[in-house]
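Take a look at the structure set out below.
The values are calculated or read from the model by the stated rules, or taken from the named source; none is laboratory data. For clarity, every value in this text was computed on a predicted model and none was experimentally measured. Every residue, glycine as well, gets a Cβ built from its backbone with ideal geometry; the counts of neighbours run over all protein chains shown. We work out accessible area using only protein heavy atoms, side chains counted, and drop any ligands, DNA or RNA first. Shrake-Rupley method; radii C 1.70, N 1.55, O 1.52, S 1.80 Å.
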Amino acid sequence: MNLAERYRSVLTNIEQAAKSAGRDKSSVNLIVVSKNHPASLVSELVSLGQRAFGENRDQEASKKAAELKLSAVEVDWHFVGQLQTNKVKSVLDYASTIHSIDRPSLVSELTKQLQKQEKRIDGFIELNLTDDPARGGVAPSDLLSLAEQVLSSERINLLGVMAVAGLGKDPEAEFERALGMSAQLQTLAPAANRLSMGMSEDYEIAIKLGATHIRVGSAITGPRPISA
Ligand SMILES: *Cc1c(COP(=O)(O)O)cnc(C)c1O
């Protein structure tokens with residue numbers, strides 16, 4: 001299959017997964033993760049009708065965003081990777097949404113830069129569902145205190161929680177845990193009911209469990225050619 005065929009096939013799978021879950025397909029936002037692929041791939045997908053793209057490293061993403069902006073290609077950028085505080089300013093130049101808010105120092109820096117630039121951004125709090133603190137994401141026990149900080153910043157429109165299913169874990173069980181955390185978050189922030197979960201291997205399961213934002217890379221882009 002070529003790029004267009006892989007893209008259409010994922011769109012069909014999304015539609016079917018939504019249908020079997022009794023959901024409208026428009027309730028599922030597809031973010032194509034374009035990391036390690038050139039701007040030309042993004043451009044080709046834009047011409048097929050895709051708007052939202054995800055990146056996980058600022059160095060690569062900022063270049064790609066600038067290149068596409070120069071060519072007047074309209075892209076809605078989502079930042080999905082671990083975000084260092086010294087990259088925040090740069091990421092805010094192009095991203096509309098950050099999926100990886102995971103610690104108080106990051107919320108402080110985001111708030112500071114957003115105040116300076118007099119703008120707001122959409123954000124998800126990333127959950128760490130593993131026992132490994134080195135993985136990105138907030139420990140479930142710290143979710144609500146981080147959410148309080150995000151809400152008080154008044155610059156971040158908190159959409160909900162983001163989760164990555166652990167390697168070798170049953171994705172359905174992992175997404176069920178994320179759902180439980182999402183319910184906890186909604187006791188504090190009823191509007192923060194969105195769920196960013198599901199990747200190439202498990203997006204259909206994620207849709208079944210209520211994902212509103214799925215982050216799909218290789219199933220659409222093919223294997224990643226540029227080494228990270
Ligand atoms: C790379 C990446 C994805 C996409 O992964 P695929 O398995 O290629 O679909 C999704 N989310 C995050 C956070 C990523 O880093």
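Here are a few things to note about the model shown:
- Figure legend. Inter-residue proximity from region 5-17: first residues within 17 Å of VAL46 (Cβ to Cβ), second residues small (Gly, Ala, Ser) and open to solvent by less than 90 Å² (accessible area, probe 1.4 Å), beta-carbon distance below 7 Å, spacing 6+ or different chains. Indicated pairs: ARG6/ALA219; ARG6/GLY222; VAL10/ALA219.
- Breaking point among (1) more than 19 Å from GLN186 (Cα to Cα); (2) away from the ligand (no atom under 16 Å from the Cβ); (3) touching a residue at least 40 places away in the same chain (Cβ under 8 Å), for LEU146: (1)
- Restricting attention to region 5-25, the residues being open to solvent by 20 Å² or more (accessible area, probe 1.4 Å) and either farther than 13 Å from ILE214 by Cβ or of a type in the set (A, V, I, L, M) (or both) number 12.
- Residue within region 153-166 that is at pLDDT below 95, surrounded by fewer than 22 Cβ atoms within 10 Å (Cβ to Cβ) and away from the ligand (no atom under 15 Å from the Cβ) present: yes
- Only listed residue being without any contact (Cβ under 8 Å) to a residue 24 or more places away in the chain and closer than 22 Å to GLU154 by Cβ, chosen from LEU106, LEU70: LEU106
- Among the residues making up region 175-184, a single one is touching a residue at least 40 places away in the same chain (Cβ under 8 Å) and surrounded by 22 or more Cβ atoms within 10 Å (Cβ to Cβ): ALA178.
- Selection from region 185-204 of residues that are open to solvent by less than 70 Å² (accessible area, probe 1.4 Å), more than 13 Å from the ligand (Cβ to nearest atom) and out of contact with any Ser or Thr (no Cβ under 6 Å at 6 or more places or on another chain): LEU185, GLN186, LEU188, ALA189, ALA192
- Residue count for region 132-143, restricted to those that are away from the ligand (no atom under 16 Å from the Cβ) and loosely packed, with under 15 Cβ neighbours inside 10 Å: 3
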